[in-house]
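The values are calculated or read from the model by the stated rules, or taken from the named source; none is laboratory data. Note that the coordinates shown come from a computational prediction; the quantities given were computed from them, not determined experimentally. Note: ideal-geometry Cβ built from the backbone for every residue, glycine included; neighbour counts use all protein chains shown.
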Amino acid sequence: MVKITFDGIEVEVEEGTTILNAARKIGGEVVPPAMCYYTPLKGSGGKCRACLVKVAAGSAKDPRPMPKLVASCVTPVQDGMVVENTTNPDVLAARKGVVEMLLINHPLDCPICDQAGECDLQNFSYEHGTSATRYEEERRTFEKIDIGPLIQLHMTRCILCYRCVYTADQITEKRVHGVLGRGDASEIGTYIENVIDNEFSGNVIDVCPVGALTDKTFRFKNRVWFTKPMDAHRDCPTCSGKVVLWMRGNDVLRVTGRKDKYGEVQEFICNTCRFDKKDVNEWTIEGPRHIDQGSVISANHYELPVLNVPVVPNLPGSTEEDIKSTPFNLGRHA
Ligand code: SF4
Ligand code: FES
C-alpha cells in the first residue's frame, strides 16, 4: 500500500492505482472530472485532459514537483506523492482551457440534443467553463453518415474520447467503427459505409459522454428531466437483464444500462433489452433509481416531498402510499 496526499487529504491505496482512482477513494468535490477515462474499458483515459492535476511532490524519495500538469487518470501514485486539484489555481485555469478547447467545435445544440440533462460536457462546461469563446475560425463540419437503424451519430458533437471504440473492441464480437483521419480531420466513422450491428452495439450510446451517439428509438421522444428512472430486470439469455427504464407514466421511453456515480456502466446490456423491450409488462420493476450525479435528475429533482410523480397501477414504488413512505430522494442535496 502507498500513501498520498490529495488536496490536503491523506489516502492509502494499492500500488499501481492511478491518481484519479485514489481521489475517487476520497470521493466528493475533490475528485477530478473525467471525460474519456472509463473504468470498465481497458486503455481508456489520457485523451481529453479534463482530469489534469498538479503533482507538487513526486514521492517521498524524490519530492521534486512534476514540471507540468499531469493527466490523473493515467498517472500512477507513488508513496509520499502530494497532489493538488481544487486547491491549485493553475489546475483550475487549465481546466477552463480544456473546456474551451472541447467546445471549439462542439455545436450549441443542447436544446435539441437528446443527451441534454445528462451530458458530461454540459456539466463540465457548467462547472469549469467560461461563457464566451475566443475562437473565430471556421468550425468543423461533416458529411452525415448513417451507422444503422438503432444508433444516431452526430459527429459534430464528438469529443474523440475513444470510449465507443474501446467498447466495440472489448465487448462486441466485431468492431466496424473507429477514429479515422488525423488532427482536426479525425472523425468517428465506419470507413466503407457500414452499419454498427451486433447484439451489444447499443452500449456505445451509454459510454458516449456527449450526444454524439444517441438512441434512435428514443430520439426526440422526451426530455430526460420529464422521465422517471426505475431499476428493473428481466430473465435475459444474453446479458444480466439488469437495466434502468426511463419511464413517463406507464410508458417505457428508453432502456439503458445502470451507471455508478461516476457515470460508468456497471453491467453492459444487450440490444434486445435496450431496443426491443419497451413494454413495462416485460420487466420486473425493482423501484426508483438513485441518480447521484451527471444528470439533471440529480439536481433539485424528486426531493421530498415528492410531487407530480405519476401513479402507475401495479408499479412498485409508484402508488400514493409508496410515494409517501419511500425515502425517495434522488436529489444531490439530500
Ligand atoms: S462518438 Fe462519443 S464515445 Fe465515441 S469518441 Fe466521440 S464522444 Fe467519444
Ligand atoms: S479523463 Fe483523464 S485525460 Fe480524459
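Worth a mention:
- Qualifying residue in region 95-117 (condition: under 30 Å from GLU10 (Cα atoms), in contact with a strand residue (DSSP E or B) (Cβ under 8 Å, 6 or more places away or on another chain) and surrounded by fewer than 16 Cβ atoms within 10 Å (Cβ to Cβ)): no
- Members of region 34-58 that are in contact with a Gly (Cβ under 9 Å, 6 or more places away or on another chain) and more than 6 Å from ligand 2 (Cβ to nearest atom): TYR38, ALA57, GLY58
- If you go through region 118-141 and pick out every residue that is of a type in the set (Phe, Trp, Tyr) and crowded, with 16+ Cβ neighbours inside 10 Å, you end up with 1.
- Within region 101-120, residues that are of a type in the set (Gly, Ala, Ser) sit with their Cβ atoms under 9 Å from residues that are modelled with pLDDT of 90 or more and assigned to a loop (DSSP other than H, G, I, E, B), at 6+ positions apart or across chains, in these pairs: ALA116/ASP109; ALA116/GLY211; ALA116/ARG223; GLY117/ARG223.
- Subset of region 161-187 (residues that are buried (at least 16 other Cβ atoms within 10 Å of the Cβ), touching a strand residue (DSSP E or B) at 6+ places or on another chain (Cβ under 9 Å) and assigned to a loop (DSSP other than H, G, I, E, B)): TYR162, HIS177
- Residue count for region 249-263, restricted to those that are assigned to a loop (DSSP other than H, G, I, E, B) and modelled with pLDDT of 95 or more: 2.
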